[in-house]
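Encoded as structure tokens, the structure appears first; notes follow it.
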Amino acid sequence: MSGPPGWVTVAGALARVRSWYRSIVHRDSTERAIREEFEQHIALHTARLVQQGVAPDAAAQQARVAFGHAESHRVDARASRGLRWYDQLRVSTLDVKLGLRMLVKHPVISAAAVLALAVGIPVGLAPSHVAAAIEAPLPGDPDHRIRAIRYWDPAAVAVAATSVVEYEYWSRELRSFSALAAFRASTMQVALDEGRPEPLEAAEVSAATFGVLGVVPQHGRALHADDFIIGAAPVVLIGDHVWRTRFASDPAVIGRAIRVGREWTTVVGVMPDGFRFPSYAQLWLPMRLTATQTGRGATVQIVGRLAEGRSVEQAQAELELLAPSLSVDARDAERQARLRPEVVPFGLLFMGLPAGGLDAVPEYYLAQILMLVVLLVACGNVAMLVFAQTATRFKELAVRAALGASRSRIVSQIFAETFLLALISAAAGVFLVDWTLSHVNLAAIGGQTAMPYWLSLRVTPSTVVRAVLLATLSATAAGVLPAIAITGRAVYQHMRGGSGVRFGRLTGVLVVTDIAVAVAAVGLSLAIVRQVTDRQSLATVAGVPAAEIMAVEFRRFDDVPLDSGRTVRTLVAALAAEPGVRGLAVANALPLMEQPSRPIEVARAGAEASGAQEWVRTVAVDIGYFRGLGHTVLRGRDFDRNDLEGQDRHVIVNTAFVTELLGDRDPIGARLRFAARGARDPSAWHEIVGVVPHLGINAVNPERGAAVYLPAALDAIAPLHVALDVGEVPLRMGPRVREIAQAVAPDLYMASPTTLSEYRQGDWYLVLGLGAGLTALALVLVALAASGLFAMLSLTVTERTRELGIRAALGASPRTLVWTVLRRSVRQIGLGAALGLPLAAYFVSTVVGESSASPLWALLIATGVACGIVLIVAAVSCAVPMRRVLAIEASIAMRAEA
Amino acid sequence: MATQAELLPGNLDLVILKAISLGDVHGYGVLLRIEQISDGAILVQQGALYPALYRLEHRGLISSTWGTSENNRRAKYYRLTALGEREFRQQRTSWTRLADAIALTLTATPREV
């Protein structure tokens, strides 16, 4: 049987949509029309009855009786339009008023709930807020027309270098961009006069840079085409901060000479306040490309302004079409085939994130889940508070139910109240976070001198929208579920004279879960903090005499691969030849520092790869790295010059790699290759040629984790960290090393040397920040658990006032009464702690390590702190109602029953 | 007046559509017209009429406009839409077929078995 023709279906659907639109959007006028129609009906019927001889008054009365209950017909009329659910779930202004009244009526419970959600909602928002901030447009680019162009190496999951070759080629060929700019950031030695130079963040920029960015100097002039000619008089633009702090905002600074590197350079302009492109720069120099640059030329980063009417997608498509014709030789062609050219927001270039932003990073999902768990815990506790609050309103709810309010209508009212609470909490939380972000120096916390100038974590309209969305979800979780539970049997039991609500298994499970999570979080955070402080005082780390090794980082000023390679080799040779230097190791990360993780695939010797991916830490090391740290290869062989020059790719792994990934089977001859999700081609196979002891590959727990060491030429190691084994009092070599560096490599910026045991740089701040964050999180969780317990206990005591009063009057001791109330809570706290401890132990052993003595210590403290706080809150929450109970007399209690 | 008959569930819509198909009419007029054309055999509960009218309007089978009634008050007049006419024809055909079938069944004699 054929269905109705298409127009019938469409016409019917359109009619329904129109009807819903009128009934929902123009609800008031629709309601008025219904009432008017009913009145007209009754008037016509009355007139007819009068015509039939009935007296007007009697006719009017009969007509009304014949019509029936107009309000019921009105409700039926709306229901016949399919709006029953909408009406029942609709939130009215009355609901909002009732919600406000409940907030004021129960201030303590309201405050606890607001606090829980004011913490939970911003925490839940944080990951998406940060992700959006990273991808936000640069300041002064509201339409987001400025984009970075880069290469992405899917196998390495990292940004690959772009050079002057790409910049010039793309500038010439790309039609999707109106202009491209190249830049490179570096640290310059700057002296304002003949005094000692200081390092200052600087950027060399191409001629089009300020045009692309749409920025002009506030004083002086921009860079002219002549400034970029090799041999022209050196010029520099300075930042507003430098101008204000070093030159006291003197307008006469224009034309003055300062020493940048080895050259006296004329200041020609002052950039506007806040401008620090690409991130931290305070000096801008014209990028002059020297004749010595051959092959791919100097490494530069590239940004461009999208041409009018061109989209990012069009630019990306054009870029992909152009890419293959860029190779300069066969080796370059292989590299080109591996890399993917991308048009991305500027922040992704700076942060080295994939094109998808944080969404494409697995750890981001873990962070999101963790944050949402916090919000969920907050919602759970607010649910208990709502449960407690609603339980005091049984009489009101029962009357409403008796008057015909449906269950869904009551549920939607409770939802409205919770939604109001969640909105207030979200507003308070978001405002507080915004205020904090505007008053706290985040850069200092992160161990930086400044935040990237383009990164603003302040609240944006989209953050507000997300906050409202989370508030709605929170209100649904925290309001609707308890409302459904409470409007079930309980209201009707109350109508029949029952005793109302008691906390059931659900709330018990919530309290136990809260405490378990809090104990686990406190344990984890304390263990990490302890671990960090432990590490600070360790002289020997993972077999490396860290206190006897001097470590220093060199940063390139002139980022020219060939030149800097020769310079670095000369420097390393000079340092190694220095009397007193027992060993020298060069790598992109030293023991104790965080090394990057990469996914790999492993194939045992003579076997096929399983296809499973494992994440390992990777380190690019110079030949002789292990000897330099005082270690020899345990099995197989060390790297030699052939590993750099030959076609075959070789790696050395640590003992943890052999145990964890190869099951202690023979590692020599086994192969591995780097892979990544979304990679078109994994990298070539690398053969394992040696095994070394565990030399520390991360900051938190240097003794654990699989590592792969890749041989790298000195010019390919970036950042360049050098460890010098110089025996006791290693820092005495500091001045000598600086002398050598200035003599051999004056263009390299040398950071302050320190011992390897203290050599953490940003890593230490990262770990400290992690520990502090987890501790704050743990305290929040404990506070949330306490608020839930508060709600439960205060209601329990209120509910049992009569029973407890009678017991007190009949001679029960105060101690017995207190125990009667607390018994259940103490059991729940004990159970929560018991469940939380193994969880904490698991986290601690996974993240921190089993070998340390810290976990047990941390666990005991964690349990004590968490349970102690919760018990104090429990006692406080019982105190007021218990005093009331203990003061009650039997006659009053009996009267209450009557 | 004929003996009153009870409407079978679902048949109210058909009767209302018939009443409106005879010409534009307001809600009370629908009631009177049904009473008139059924010779008083079908009496629709006054309150039940409006949910049915709104349901038909919601489905796009009838449309409404405001006009002036015989007592000079504003009244809402209903008329059949093209969709409503089609639906009415289908329902009428279906009902007539069923009524004939039932009538035939009920008038069967032993000789026809």
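The values are calculated or read from the model by the stated rules, or taken from the named source; none is laboratory data. For clarity, every value in this text was computed on a predicted model and none was experimentally measured. Here the Cβ is made from the backbone with ideal geometry for all residues, glycine too, and neighbour counts use every protein chain on show.
Could you list, in sequence order, the residues of region A:373-414 that are surrounded by 24 or more Cβ atoms within 10 Å (Cβ to Cβ) and among the aromatic types (F, W, Y)? The answer is A:F387, and nothing else. One residue stands out among those in region A:756-774 that are at pLDDT 70 or above and buried (at least 18 other Cβ atoms within 10 Å of the Cβ): the one that is farthest from A:Q389 (Cα to Cα), which is A:L756.
Quick one: in region A:15-52, which of the residues that are exposed (fewer than 13 other Cβ atoms within 10 Å of the Cβ) and within 47 Å of the chain's Cα centre (by Cα) is nearest to B:R73 (Cα to Cα)? Ranking the qualifying residues of region A:15-52, first place goes to A:D28. Just checking, does region A:177-187 include any residue being without any contact (Cβ under 8 Å) to a residue 40 or more places away in the chain and either farther than 24 Å from A:Q301 by Cα or of a type outside the set (G, A, S) (or both)? Among the residues of region A:177-187, not one is without any contact (Cβ under 8 Å) to a residue 40 or more places away in the chain and either farther than 24 Å from A:Q301 by Cα or of a type outside the set (G, A, S) (or both), which makes the answer no.
Name the strands (runs of 3 or more DSSP E) wholly inside region A:136-209 in which the number of residues that are closer than 24 Å to A:Q282 by Cα is 3 or more.
Details: elements: A:146-153, A:158-160, A:177-191, A:198-205.
Passing ranges, in order: A:146-153, A:177-191, A:198-205.
Among the criteria (1) at negative phi; (2) out of contact with any Lys or Arg (no Cβ under 8 Å at 6 or more places or on another chain); (3) modelled with pLDDT under 90, the one A:L138 does not fulfil is (3).
Yes/no per residue for (1) closer than 25 Å to A:V75 by Cβ; (2) modelled with pLDDT of 75 or more:
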position	(1), (2)
A:A378	no, yes
A:A383	no, yes
A:F387	no, yes
A:T390	no, yes
A:V399	yes, yes
A:A405	yes, no
A:S412	yes, yes
A:A416	yes, yes
A:L420	no, yes
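Take the conditions more than 16 Å from B:L53 (Cα to Cα) and assigned by TED's automatic domain parsing to the domain that holds A:L83 and apply them to A:I42. Does it pass? In short, yes.
For a quick check of your reading: which helices (runs of 4 or more DSSP H) sit entirely within chain B and have at least 3 residues that are within 28 Å of A:L49 (Cβ to Cβ) and either within 11 Å of chain A (Cβ to nearest Cβ) or touching a Pro at 6+ places or on another chain (Cβ under 6 Å) (or both)? Don't jump to the end; show me each part of the working.
On the way: elements: B:11-21, B:27-37, B:46-58, B:82-106.
Per the criteria, B:27-37, B:46-58.
Considering region A:31-45 alone, what residues qualify as being among the hydrophobic types (A, V, I, L, M, F, W, C) and farther than 17 Å from A:A58 by Cα? Lay out the reasoning, then the answer.
Here is the first cut: in region A:31-45, the ones among the hydrophobic types (A, V, I, L, M, F, W, C) are A:33-34, A:38, A:42-44.
Listed by number, the residues that qualify are A:A33, A:I34, A:F38.
Working carefully through the options A:L437, A:L470, A:L432, A:L455, find the one that is farther than 18 Å from A:V373 by Cβ, modelled with pLDDT of 85 or more and in a helix (DSSP H, G or I). When all the criteria are applied, what remains is A:L432.
Taking each residue of region B:30-49 that is over 17 Å from A:I34 (Cβ atoms) and looking for partners that are surrounded by 19 or more Cβ atoms within 10 Å (Cβ to Cβ) and among the small types (G, A, S) with beta-carbon atoms closer than 6 Å, six or more apart or interchain, yields B:R33/B:A19; B:I34/B:A19. Of all residues being of a type outside the set (D, E, K, R) and crowded, with 16+ Cβ neighbours inside 10 Å in region A:140-149, which is farthest from A:G352 (Cα to Cα)? Just the residue, please. That would be A:I146. Run down B:T96, B:T68 and say which single residue is over 23 Å from B:L7 (Cβ atoms) and loosely packed, with under 12 Cβ neighbours inside 10 Å. Going through B:T96, B:T68 in turn, the sole match is B:T68.
Where residues in region B:71-86 are farther than 14 Å from B:V30 by Cβ and over 15 Å from the mean Cα position of the chain (by Cα), which of them is surrounded by the fewest Cβ atoms within 10 Å (Cβ to Cβ)? Give the derivation first.
Kept after step one, since they are farther than 14 Å from B:V30 by Cβ, are these residues of region B:71-86: B:71-74, B:81-83, B:85-86.
Now narrow it down to the ones that are over 15 Å from the mean Cα position of the chain (by Cα): B:71-74, B:82-83.
Working: B:N71: 13, B:N72: 7, B:R73: 14, B:R74: 14, B:A82: 12, B:L83: 20.
Top of the filtered list is B:N72.
If you check A:A47, A:A13, A:A33 for being of a type in the set (A, V, I, L, M), in contact with a helix residue (DSSP H, G or I) (Cβ under 9 Å, 6 or more places away or on another chain) and within 11 Å of chain B (Cβ to nearest Cβ), only one passes: A:A47.
All conditions in (1) over 20 Å from A:A43 (Cα atoms); (2) at pLDDT 90 or above; (3) not charged (D, E, K, R) hold for B:S38, with the sole exception of (2). Looking across A:P251, A:P272, one residue alone is within 21 Å of A:A185 (Cβ to Cβ), assigned by TED's automatic domain parsing to the domain that holds A:E308 and modelled with pLDDT of 85 or more. It is A:P272. The set of residues in region A:53-85 being away from chain B (no Cβ under 13 Å) and either at pLDDT below 90 or surrounded by fewer than 16 Cβ atoms within 10 Å (Cβ to Cβ) (or both) consists of A:G53, A:A55, A:P56, A:D57, A:A58, A:Q61, A:W85. The residue that is surrounded by the fewest Cβ atoms within 10 Å (Cβ to Cβ), counting only those in region A:550-596 that are at pLDDT below 70 and in contact with a Ser or Thr (Cβ under 6 Å, 6 or more places away or on another chain), is A:D559.
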